[in-house]
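Visitor: This structure is in structure tokens; I'll ask about it shortly.
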Amino acid sequence: MRTVRLDKDKHDRNHFDCGVEALNNYLRLMANQQSSKDNTRTFVLEDSNQTERIIGYYTLTMTPVDLTALPAKLQKKHHNAQSGGLIARLAVDKCHAKQGYGEFLLIDALQNLLIASEIVAFPLIVVDAKDGAIQFYEKFGFTTFNDTPNKLFITVADVRSNLEPRT
Ligand SMILES: CC(C)(COP(=O)(O)OP(=O)(O)OC[C@H]1O[C@@H](n2cnc3c(N)ncnc32)[C@H](O)[C@@H]1OP(=O)(O)O)[C@@H](O)C(=O)NCCC(=O)NCCS
């Protein structure tokens, strides 16, 4: 399995339904436009039986980091840092839920951000978790920011030491 960049001429964005309208609409209406403006990048996992169908997607970009919302030790270590990688969106179609695709997409997103961080260094990866998904990210080692429970982070150092490099 591997993800590819969203291709509006190939992928059937209208068919995708993760159960959260904002995430469906983003894929349908915004993801391609935002990518063509170099604001975000969206990667999709294709259904191998019908490659125009999307099993799941995630969107990556950068975000300012509020160091004051981090634990004191990390604030000290990263006091010069201003930005982190952001998993802005991640969703799996309802028809394919609970089959490990969310985990696959999260690991793929982290691997891509790890590669990016080797070129343009940043110390943290941040995720905006919509309702109910906080525990999904906590399961994979993310920690909530002190002030915003819906926003979680993991250090690039932790990702590097826990993830197999992509083959
Ligand atoms: C959250 C979401 C991405 C999970 O995708 P999925 O393919 O069903 O998840 P997986 O099958 O890969 O599950 C991986 C693990 O996370 C757990 N998990 C899945 N969804 C969870 C949730 N909402 N809360 C807590 N744990 C969750 C699973 O139980 C599984 O654990 P296990 O390995 O111990 O069994 C998916 O439900 C989704 O797209 N939801 C709607 C959109 C959304 O909320 N996106 C996230 C925020 S932007």
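A short reminder: the numbers here are calculations on the coordinates, not readings from a lab. Predicted model, so just to flag it, every value in this text is computed and none were measured. Cβ coordinates were reconstructed from backbone atoms using ideal geometry, including for glycine residues, and neighbour counts include every protein chain displayed.
Visitor: Give me the extension gain from Gln99 to Asn14: residue separation times 0.36 nm, minus the current Cα-Cα distance, reported in nm with one decimal.
Guide: 28.4 nm is the gain from fully extending Gln99 to Asn14.
Visitor: Taking +1 at the Cβ of each Lys and Arg and -1 at the Cβ of each Asp and Glu, which of Ala129, Asn146, Leu86 sits farthest along the dipole of the chain towards its positive end, judged by Cα position relative to the Cα centre?
Guide: So the residue furthest toward the plus end is Asn146.
Visitor: Where is the GNM fluctuation largest for the chain (alpha-carbon springs, 10 angstrom cutoff): Thr63, Thr51, Thr40?
Guide: The residue that fluctuates most here is Thr51.
Visitor: For segment 1-58, which GluC sites (Glu not before Pro) are both in a DSSP coil and crowded by at most 10 other Cβ atoms within 10 Å?
Guide: none
Visitor: I've got another one for you. Ratio of Rg to Rh for segment 81-153, alpha carbon only, Kirkwood?
Guide: Checking Rg against Rh, the ratio lands at 0.98.
Visitor: So how tilted is helix 101-119 from the main axis of the chain? Cα-based, degrees 0 to 90, rounded to 10.
Guide: The answer is roughly 50 degrees.
Visitor: Hey, another quick one. Along the charge dipole of the chain, pointing to its positive end and built from +1/-1 on Cβ of Lys, Arg, Asp and Glu, which listed residue (Asn14, Leu74, Ser48) has its Cα farthest out?
Guide: Positive-end residue among those listed: Leu74.
Visitor: What residue among Leu106, Leu70, Leu86 shows peak mean-square fluctuation when the chain is described by a Gaussian network model with Cα springs under 10 Å?
Guide: Highest fluctuation among the options: Leu70.
Visitor: From Cα coordinates alone, what are the radius of gyration and Dmax values for segment 3-162 in angstrom?
Guide: Looking at segment 3-162, its Cα Rg and Dmax stand at 15.7, 50 Å.
Visitor: What span do the alpha-carbon atoms of segment 14-62 cover on each of the three principal axes, reported in whole Å from largest to smallest?
Guide: Dimensions of segment 14-62 along the principal axes of its Cα atoms: 31, 21, 16 Å.
Visitor: Sum up the charges of everything whose Cβ sits under 10 Å from the Cβ of Met1, counting Lys and Arg as +1 and Asp and Glu as -1, but leave Met1 out.
Guide: Net charge in that neighbourhood comes out at -1.
Visitor: Given +1 on the Cβ of Lys and Arg, -1 on the Cβ of Asp and Glu, and no further charges, what dipole in debye does the chain carry about its Cα centre, rounded to the nearest 20?
Guide: That gives a dipole near 280 debye.
Visitor: May I pose another question? Can you tell which of Asn39, Asn24, Asn80 shows the greatest fluctuation in a Gaussian network model of the chain with Cα springs below 10 Å?
Guide: Looking only at Asn39, Asn24, Asn80, the largest GNM fluctuation is found for Asn80.
Visitor: Can you check what the net charge comes to around Thr59, using other residues whose Cβ is under 15 Å from the Cβ of Thr59 (Lys, Arg +1; Asp, Glu -1)?
Guide: Net of charged neighbours comes to +4.
Visitor: Could you work out how far apart the two model spin labels at Thr51 and Asn162 are, taking each label as a point 7 Å from the Cα in the direction of the beta carbon, and quote it in nm?
Guide: In this crude label model, Thr51 to Asn162 measures out at 3.3 nm.
Visitor: Considering Cα pairs under 8 angstrom that are at least six residues apart, work out the relative contact order of segment 1-113 and quote it in whole percent.
Guide: About 26 percent, as a whole number.
Visitor: Test of understanding: what is the full-extension gain from Ile115 to Asp66, defined as 0.36 nm times their sequence separation minus their Cα-Cα distance?
Guide: 15.3 nm
Visitor: Still on this structure, I have one more. Mind jotting down the distance between the C-alpha centroids of segment 36-87 and segment 98-167, whole Å?
Guide: After rounding, the separation between the Cα centres reads 8 Å.
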